[in-house]
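The values are calculated or read from the model by the stated rules, or taken from the named source; none is laboratory data. The structure displayed is predicted, hence computed values, not measured ones. Using ideal geometry, Cβ is built from the backbone for each residue, glycine included, and neighbour counts are taken over all protein chains shown. For the accessible areas, the whole protein counts, side chains as well, though only heavy atoms, and no ligand, DNA or RNA atoms are used. Shrake-Rupley method; radii C 1.70, N 1.55, O 1.52, S 1.80 Å.
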Amino acid sequence: MSLRADLEIIQQWIRPGSRVLDLGCGEGQLLRHLRDHKQVQGYGLEIDPDKISSCIRHGVNVMEQNLDESLDNFEDNSFDTVVMTQSLQAMHYPDRVLEDMLRIGHEGILTFPNFAHWRCRWYLGTKGRMPVSEFMPYTWYNTPNIHFCTFKDFEQLCRERNIKVLNRLVVDQTHQSSWLSGLWPNMLGEVAIYRVSR
Amino acid sequence: MSRLPADSVGLVTPQRQTFTDPLPLACGTPLNSYELVYETYGELNASASNAVLICHALSGHHHAAGYHSADDRKPGWWDNCIGPGKAIDTNRFFVVSLNNLGGCHGSTGPSSINPETGKSYGASFPVVTVEDWVHSQARLADVLGIQQWAAVVGGSLGGMQALQWAISYPERVRHCVAIATAPKLSAQNIAFNEVARQAIITDPDFHNGDYAAFGVIPKRGLMLARMVGHITYLSDDSMGAKFGRDLRSDQLNYDLTSVEFEVESYLRYQGQEFSGRFDANTYLLMTKALDYFDPAAANGGDLARTLAVVQARCLVMSFTTDWRFSPARSRELVDGLLAARKDVSYLEIEAAQGHDAFLLPIPRYIEALSGYMNRIEVNQ
């Protein structure tokens with residue numbers, strides 16, 4: 001099974017035998033990989049019925065639960081790592097979810113697109129319209145992505161909430177990192193993978 | 001003679017097993033001997049690793065799938081899920097379905113003859129609990145050579161049995177599938193059961209449960225009990241869609257007793273039909289078993305601690321419009337399993353049919369059950 005590039009990076013940050021909660025787990029690719037290769041006890045939250053069915057068929061623990069409603073049913077420090085890939089920008093209260101991730105888990109791993117990438121800036125700057133691309137294919141009125149932010153914004157939030165950034169990997173859409181995006185991440189990085197803790 | 005559908009388990013014959021070792025009961029009075037009537041579908045494999053137990057709900061019984069005769073109008077109560085190629089695939093699994101103790105479909109219950117007196121038990125039949133049922137089912141498993149169930153599956157009161165199995169015999173259950181159920185009833189839920197019981201108990205034909213001796217049955221009470229129960233199994237939406245405010249005739253009669261609305265007619269029919277085929281004492285017993293179920297009570301109400309012993313992987317499912325066993329109650333169970341660090345999946349199925357949904361072929365529900373069951377490993 002070949003793993004999605006971002007999940008390949010994430011799995012390297014997860015310890016064998018640990019407990020992982022995946023917020024918005026999709027079809028459970030990451031949790032399957034972690035179960036089969038790292039003896040991880042994982043649980044995923046998902047709201048898409050087809051994706052939930054897929055998790056069930058693959059023997060992944062999945063719970064039908066909306067991240068925007070509440071994560072109160074998860075006890076403090078009950079997981080080693082809480083993962084959320086490509087969903088932060090779709091949350092009603094991204095800050096609350098981030099706080100919850102670090103209440104429930106010792107570490108959090110998040111990925112989200114960078115709204116300050118030069119292509120977004122170029123699109124907005126030249127056309128004067130909200131950026132639409134293959135990578136972010138929605139128009140402003142039907143997008144699930146209601147809280148776009150930039151790397152700087154996210155790191156500012158982390159500082160305000162006393163959240164430590166343990167690792168940051170800035171990559172392009174295919175999750176390759178380059179010396180350029182390392183040089184000027186907030187301009188040249190398209191996606192960031194953050195590993196955070198209290 | 002009509003042809004049976006290809007995906008049916010076909011003609012089935014109920015079997016019975018007599019137990020002569022006294023069964024200790026929660027109430028303190030053991031049952032000295034008893035019979036359980038059951039059906040099986042599919043073949044038990046050589047390693048006996050493919051056995052699935054189906055636990056029935058309040059008014060259910062052992063006849064879960066297939067037909068007793070080619071002339072039967074309807075198959076067993078869960079035929080849409082049990083059969084070759086169905087969600088609980090009898091090509092893979094050996095499925096066991098029994099009538100619980102205290103029932104009125106062949107297993108020893110209030111309408112059976114008490115061998116010690118030569119008369120029917122009637123009111124003297126002991127109150128049995130979900131835990132008692134599970135112990136009696138374990139003895140049946142022993143007889144059938146099943147050391148461990150691949151899965152124990154049930155909806156509503158049946159889901160409570162599946163859960164109790166995972167708690168009472170953790171090493172004997174690999175998977176627990178609990179559908180439209182709760183870790184204990186709420187006050188409102190007990191209240192509905194009490195209305196049903198009062199309807200039966202206050203029927204002049206009830207005779208303190210010994211109606212058989214008087215050659216009568218408390219039909220009216222049982223009918224009322226079923227009517228109120230039935231309302232709670234449906235949703236406001238499903239009743240609205242089915243009946244609305246439709247009248248049986250063109251106009252209102254302006255009298256106080258005639259059947260005017262279609263919904264009245266339907267409920268009366270359901271109640272009457274039920275009162276002709278179900279035993280009143282059994283109904284009382286089943287509702288008591290529901291009310292008493294509260295496995296966490298043994299641990300001061302701590303559900304997670306109660307579930308700590310569970311070894312089974314669990315699948316919990318609820319239905320959005322079910323208000324008798326609402327999704328919130330299933331989530332309590334899921335949270336308990338999570339806190340106990342057990343493997344659990346939870347689905348909240350969008351369905352308009354209320355509590356009854358667990359018996360209906362709702363595509364997403366069937367797909368999930370099927371996906372889960374197909375994933376269960378069985379050796380040869």
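One table, with the values for the structure above:
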{"quantity": "Any hit, the stretch A:21-29, residues being surrounded by fewer than 21 Cβ atoms within 10 Å (Cβ to Cβ), in a loop (DSSP other than H, G, I, E, B), over 17 Å from the mean Cα position of the chain (by Cα) and at pLDDT 95 or above", "calculated": "no"}
{"quantity": "Meets criteria (within 10 Å of chain B (Cβ to nearest Cβ), within 23 Å of A:Arg168 (Cα to Cα) and either among the charged types (D, E, K, R) or open to solvent by less than 10 Å² (accessible area, probe 1.4 Å) (or both)) for A:Arg4", "calculated": "no"}
{"quantity": "Condition check for A:Asp72: assigned to a loop (DSSP other than H, G, I, E, B), modelled with pLDDT of 90 or more and within 14 Å of chain B (Cβ to nearest Cβ)", "calculated": "yes"}
{"quantity": "Exclusive hit being among the aliphatic types (A, V, I, L, M), more than 10 Å from chain B (Cβ to nearest Cβ) and touching a Lys or Arg at 6+ places or on another chain (Cβ under 7 Å), set A:Ile14, A:Ile10", "calculated": "A:Ile14"}
{"quantity": "The lone exception for A:Val82 - which of (1) over 28 Å from B:Tyr365 (Cα atoms); (2) more than 11 Å from chain B (Cβ to nearest Cβ); (3) open to solvent by 20 Å² or more (accessible area, probe 1.4 Å) it fails", "calculated": "(3)"}
{"quantity": "Members of the stretch B:344-369 that are within 9 Å of chain A (Cβ to nearest Cβ), over 22 Å from B:Gln164 (Cα atoms) and open to solvent by 10 Å² or more (accessible area, probe 1.4 Å)", "calculated": "B:Glu350, B:Arg364, B:Glu367"}
{"quantity": "Helices (runs of 4 or more DSSP H) enclosed by the stretch A:99-198 - at least 2 residues per element that are charged (D, E, K, R)", "calculated": "A:118-127, A:151-160"}
{"quantity": "Sole residue being open to solvent by 10 Å² or more (accessible area, probe 1.4 Å) and at the interface with chain A (Cβ under 10 Å from one of its Cβ atoms), chosen from B:Arg324, B:Arg329, B:Arg341", "calculated": "B:Arg341"}
{"quantity": "Strands (runs of 3 or more DSSP E) completely within the stretch B:1-112 that count 1 or more residues being farther than 30 Å from B:Tyr292 by Cα", "calculated": "B:34-41, B:94-98"}
{"quantity": "Of all residues in the stretch A:46-67 being closer than 16 Å to B:Ala351 by Cα and either under 17 Å from the mean Cα position of the chain (by Cα) or not in a helix (DSSP H, G or I) (or both), the one that is nearest to the other protein chains (Cβ to nearest Cβ)", "calculated": "A:Glu64"}
{"quantity": "Residue count for the stretch B:284-306, restricted to those that are open to solvent by 60 Å² or more (accessible area, probe 1.4 Å) and among the β-branched types (Val, Ile, Thr)", "calculated": "0"}
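To keep it simple, each residue is scored yes or no on (1) charged (D, E, K, R); (2) without any contact (Cβ under 8 Å) to a residue 24 or more places away in the chain; (3) open to solvent by 20 Å² or more (accessible area, probe 1.4 Å); (4) assigned to a helix (DSSP H, G or I).
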| position | (1), (2), (3), (4) |
| --- | --- |
| B:Ala213 | no, no, yes, yes |
| B:Leu222 | no, no, no, yes |
| B:Ala241 | no, no, yes, yes |
| B:Ser249 | no, yes, yes, no |
| B:Leu252 | no, yes, yes, no |
| B:Tyr266 | no, no, yes, yes |
| B:Phe274 | no, no, no, yes |
| B:Arg277 | yes, yes, yes, no |
| B:Thr282 | no, no, no, yes |
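Yes or no, residue by residue, for (1) open to solvent by less than 30 Å² (accessible area, probe 1.4 Å); (2) modelled with pLDDT under 85:
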| residue | (1), (2) |
| --- | --- |
| A:Leu110 | yes, no |
| A:Phe115 | no, yes |
| A:Trp118 | no, yes |
| A:Arg121 | no, no |
| A:Lys127 | no, no |
| A:Phe135 | no, yes |
| A:Trp140 | no, no |
| A:Pro144 | no, no |
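Results for (1) within 19 Å of B:Tyr292 (Cα to Cα); (2) in contact with a Leu (Cβ under 6 Å, 6 or more places away or on another chain); (3) at pLDDT 95 or above, shown as yes or no for each residue.
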residue	(1), (2), (3)
B:Ala141	no, no, yes
B:Ala166	yes, no, yes
B:Ala196	yes, no, yes
B:Thr202	no, no, yes
B:Asp205	no, no, yes
B:Asp236	no, no, no
B:Lys242	no, no, no
